[in-house]
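Note sheet for the following structure.
The values are calculated or read from the model by the stated rules, or taken from the named source; none is laboratory data. The model shown is predicted, which means the values in this text are computed figures rather than measured ones. Glycine also receives a Cβ, built like all others from the backbone with ideal geometry; neighbour counts cover every protein chain displayed.
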Amino acid sequence: MDFTLSSDQALIKDSVDRFVTDNYSQQQRAAIVASEEGFSREHWAQFASLGWLGIAFPENRGGFGGSPVETMILAEAFGKGLVLEPFVPSVVLGGTALAYGSNGKEHADLLEAMIGGEKLLTFAYAEERSRYDYTLIETQAREEGSDLVITGKKLAVPYAASADSYVVTVRTSGDKHDRDGITVVLVDRNAAGLSRRDYHTVDDRRASTVTFDGVRIPKTNVLGELGKGLPLVEQIIDAGIGALAAEAVGNTSVLLRRTVEYLKTRKQFGVPIGSFQALQHRAVDMLIQTELARSITYYGTMALTDDTSPEERMAALSATKVQIARSGRIVGESAIQLHGGIGMSEEYVIGHYFKRISMIELELGDADFHLGRYVAMGKLLAAAAPHTATETAGVGAVASV
Amino acid sequence: MDLAFSPQELAFREEVRAFIRAELPAQVRAKMESGIELTKDDYVAWQHKLNARGWLAPNWPVKYGGTGWTVVQKHIFDEEMALGGAPRQMPFGVSMVAPVIIEFGNDEQRGYYLPRILNSDDWWCQGYSEPEAGSDLASLKTRAVRDGDHYVINGQKTWITLAQFANMIFVLARTDPDAKKQEGISFILVDMTTPGVTVRPIVTIDGGKEINEVIFENVRVPVENRVGKEGEGWTYAKFLLEHERNGTAGVAGSFQLLNRLRALAGSQKFDGKTMLDDEGFTKRMAQVEIELTALSYAQMRSLAAESSGKRPGPESSFIKITGTEIQQAITTLMMEASAQNALDPSNHSALGYFNARKTTIYAGSNEIQRNIISKRILGL
């Protein structure tokens, strides 16, 4: 275990930090928000040429041989700059689906095109009745010869108007809650029968409700195994949580820094408001949560390596999402409160970070969902097993001092 | 950055586990599991085992008996000790006074006291707080007046943990009453068998008798028992407090406490079910365990920074705040898991909850820690 960046990792960090400094001033960002696609194709081409779109995937899966740590470095910098390019949907979610679910050359080619910056991907899993339960799938894919015919609706699909291919969770058999019968498929944006309602999200991103009305795809579009797609879905979601957590760490570090600067410069009653203890202590709580968020993100990132068992990985990433949700809320809400009225202003930057970190809380499962998943992974209760046999197990005074 | 444990680190973990399995005396293990208070002999017996293995003082420089372990090894060691049910390391000698003696003492002091700590010849306690000097520690009034080659100490120290076991106490005393508050304080080592030292127990709200007050009446202490320079004691005191804070966070101990919470929650049946069948309750347990996990990585990061040359700094305040809040949260859940049974003292859980209130007060209250972070990290 080593917390220092390797020289390669340090180079990536330098270059992504520089990208953010050079390209994401508030004015530059506002122009991107107002653009047609809500992100910059020029930036995306730059990401591709710098190798950022393939860096985290192992070489034997079509990538450049990095690790989840590289994703963490990039996503944190993107969080610091409130970067709008669809890194998480296309690279982390879509890329993981292809890297780990690939069934042949066609899929490998698509991953290569994504890594090269020619194709964009996104991930569609949420449904009207599912909340965050990714096993509750009512979108049906009926087998017809060598095809699948898809009917259903997916919510909050990120950047669906721009993505070329969608990674979609569908049900090929079983009831809506069954863990079997889930399949992951690729659907082209322009497929017949696919329609979208596009919108700007509350945090200045893009998303769509996507309706599938008899969309026909060949079975060769199945990623992973037909009817046995759940482990792949879980892997995609966990990879996404890792990246979102790092993005949130970037958000929290800026929220903390800007708030402390404000406390030092804003004067009331003739003194900087940072001289008031009530405000100081709240700022300290922001610092504590920023540190906890960063620490749990290391833990989660560590669990994303290929040699972690799925149960351990899911427990770790659920833990990560829970802590990020809690830290993000404390840091975000405190930042607004400590800024006072200016924190409510759309023109002022702090509110944009608050909005982003609030929406990260809702992406890929909120704290309550992941507390449940964490408990279900059995880590919490398994540790109790040796003791539960003895009904008389006494519990004594707390270790003292 | 490599966030996985290396094969060497995993092998070390096995080594520590095997040591605890082989060496932890059965009666001590049984007491730890059922929460019975340990005697001084229990602690000392375990310290002898650790010392025989060379593991009693991992943080000391190797030449004085430290292990030379990496930060990760120390973390693994602490974690395994807690999960293996080993007694808590008594901090007063090994982790509090020893670093001060090593850093600021002279060769005679190092040569005399350090081996005595390793051999458990001395049991130390901490003479810091006074009735009128709590959070404002530097306002302390205990006086040490020079009389030839002795100091004559008069005053009262309070909230002293396990002073009833101790034969040595390190005392902050004012040697220059005319100097500014933080100046004029000296750091003095006192043999508690010296005439004029009186120890009185203070019973806590949980019925515990682990803390005491210590009265000094014309206690004559040789001048060579002063550590470092006269009047520089406040610097040494702060150095010690920074070391103390990382320990008081009790991260490894909280993992042990979580195991006890699970045992408790799983052992009491209400209408045929335990609290481990209650989704709301298990989610709250999970919340605490997750925060503790985050804290344990934060502590490792802090220790890693320390091992690259920094002494524990204001970051230790953040570890202390969060660690103690977690300890309290776990004891709250233990009490809640017990429901009405908690009213019966033999259930222990309410008493544990009462006792844990101290954690956010001692070693500099959490509000003081927030002041420290505000000033020294945030620059407010």
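Points to keep in mind about this one:
- Pairing each residue of the stretch B:337-359 that is at positive phi with any residue that is of a type in the set (Gly, Ala, Ser), provided the two are 6+ apart or on different chains, yields C-beta distances under 7 Å for B:His348/A:Gly396; B:His348/A:Ala397; B:His348/B:Gly35.
- Any hit, the stretch B:302-320, residues being of a type in the set (Val, Ile, Thr), facing chain A (nearest Cβ under 10 Å) and surrounded by fewer than 23 Cβ atoms within 10 Å (Cβ to Cβ): no
- Lone unmet requirement of (1) under 20 Å from the mean Cα position of the chain (by Cα); (2) in a loop (DSSP other than H, G, I, E, B) for A:Val20: (2)
- Under the condition of being within 10 Å of chain A (Cβ to nearest Cβ) and either among the β-branched types (Val, Ile, Thr) or not in a helix (DSSP H, G or I) (or both), the residues counted in the stretch B:241-260 number 2.
- The set of residues from the stretch B:358-380 being surrounded by fewer than 20 Cβ atoms within 10 Å (Cβ to Cβ) and more than 10 Å from chain A (Cβ to nearest Cβ) comprises B:Thr360, B:Ile361, B:Ser365, B:Ile368, B:Arg376.
- One residue stands out among those in the stretch B:146-188 that are aromatic (Phe, Trp, Tyr) and under 17 Å from B:Lys238 (Cβ atoms): the one that is surrounded by the most Cβ atoms within 10 Å (Cβ to Cβ), which is B:Phe187.
- When restricted to residues that are of a type in the set (Lys, Arg), within 8 Å of chain A (Cβ to nearest Cβ) and under 18 Å from B:Ser349 (Cβ atoms), the stretch B:261-285 contains 2.
- The residues listed here are A:Ala97, A:Ala108; of these, the one that is surrounded by 24 or more Cβ atoms within 10 Å (Cβ to Cβ) and more than 19 Å from A:Arg206 (Cα to Cα) is A:Ala97.
- Helices (runs of 4 or more DSSP H) contained entirely in the stretch A:229-347, each with at least 3 residues that are touching a strand residue (DSSP E or B) at 6+ places or on another chain (Cβ under 7 Å): A:230-265
- Residue check for B:Phe187: in contact (Cβ under 8 Å) with a residue 24 or more places away in the chain, assigned to a strand (DSSP E or B) and not assigned by TED's automatic domain parsing to the domain that holds B:Ser95: yes
- Helices (runs of 4 or more DSSP H) completely within the stretch B:270-380 that count 3 or more residues being under 19 Å from B:Ser95 (Cα atoms): B:279-307, B:315-338
- Out of A:Gly63, A:Gly51, sole residue that is surrounded by fewer than 24 Cβ atoms within 10 Å (Cβ to Cβ), in a loop (DSSP other than H, G, I, E, B), touching a residue at least 12 places away in the same chain (Cβ under 8 Å) and at positive phi: A:Gly51
- Leading residue by the ranking (farthest from B:Glu130 (Cα to Cα)) among those in the stretch B:325-357 that are facing another protein chain (nearest Cβ under 10 Å) and β-branched (Val, Ile, Thr): B:Ile330
- Failed condition for A:Asp178, given (1) among the charged types (D, E, K, R); (2) closer than 16 Å to A:Glu127 by Cα; (3) assigned to a strand (DSSP E or B): (3)
- Annotation note: of B:Gln8, B:Gln27, the sole residue that is more than 11 Å from every other protein chain (Cβ to nearest Cβ), among the polar types (S, T, N, Q) and not in a loop (DSSP other than H, G, I, E, B) is B:Gln27.
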